[in-house]
Structure formats: structure tokens, C-alpha cells
Amino acid sequence: MIEQFLVSHVWLIESLVELRIYAAQSGLPELAKHLDGAIQLAHLEITLGEGVEAPIATSGPDVASSED
């Protein structure tokens, strides 16, 4: 059951990460910061909602490294 839960929420985290990367690379630093907060909030709510560790997206560059 826990494995099914994690898989069902991975797309959400990965989508937010991709949006954050796009914003950072497109000169939208404030949006990237807000998306970073949304990612953290999603992790928190997923964790609290099911009592398990939230899925963590591992693909894509870190936003901090893509800003000039």
C-alpha cells in the first residue's frame, strides 16, 4: 500500500521540480522560489497525510546552480 501511495504522488513532485527548473532557467527567479516552497509543502503534506516519507524527485539540475 505504501509503495502505491509513493508512486501516485511522484508525478506531482517531479512536475513541480520541472516547473521550478524552467522558471529558474527562464529568468523567473521569484516564481522559482515560490515553486521551491510548493515542493517543500507538497513533501510535508504527503508525509503528514500518509505517515510515510514523501517521494523525492532526483532528476534535473538544482535551481540554485542554474541561476546566474
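The values are calculated or read from the model by the stated rules, or taken from the named source; none is laboratory data. All figures in this text were calculated on a predicted structure; none of them were measured in a lab. For neighbour counting, all protein chains shown are included, and Cβ atoms are generated from backbone atoms with ideal geometry for every residue, glycine included. Remember, those area values only see protein heavy atoms, side chains included, never the ligands or the DNA or RNA. Shrake-Rupley method; radii C 1.70, N 1.55, O 1.52, S 1.80 Å.
Summary of computed values
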item: Conditions (1) modelled with pLDDT under 90; (2) open to solvent by 60 Å² or more (accessible area, probe 1.4 Å); (3) part of a helix (DSSP H, G or I): number failed by His34; result: (1)
item: Selection from segment 3-31 of residues that are at pLDDT below 95 and of a type in the set (A, V, I, L, M); result: Leu6, Val7, Val10, Leu12, Ile13
item: Single residue of segment 17-31 satisfying the filter (within 11 Å of the chain's Cα centre (by Cα) and touching a residue at least 40 places away in the same chain (Cβ under 8 Å)) that is surrounded by the most Cβ atoms within 10 Å (Cβ to Cβ); result: Arg20
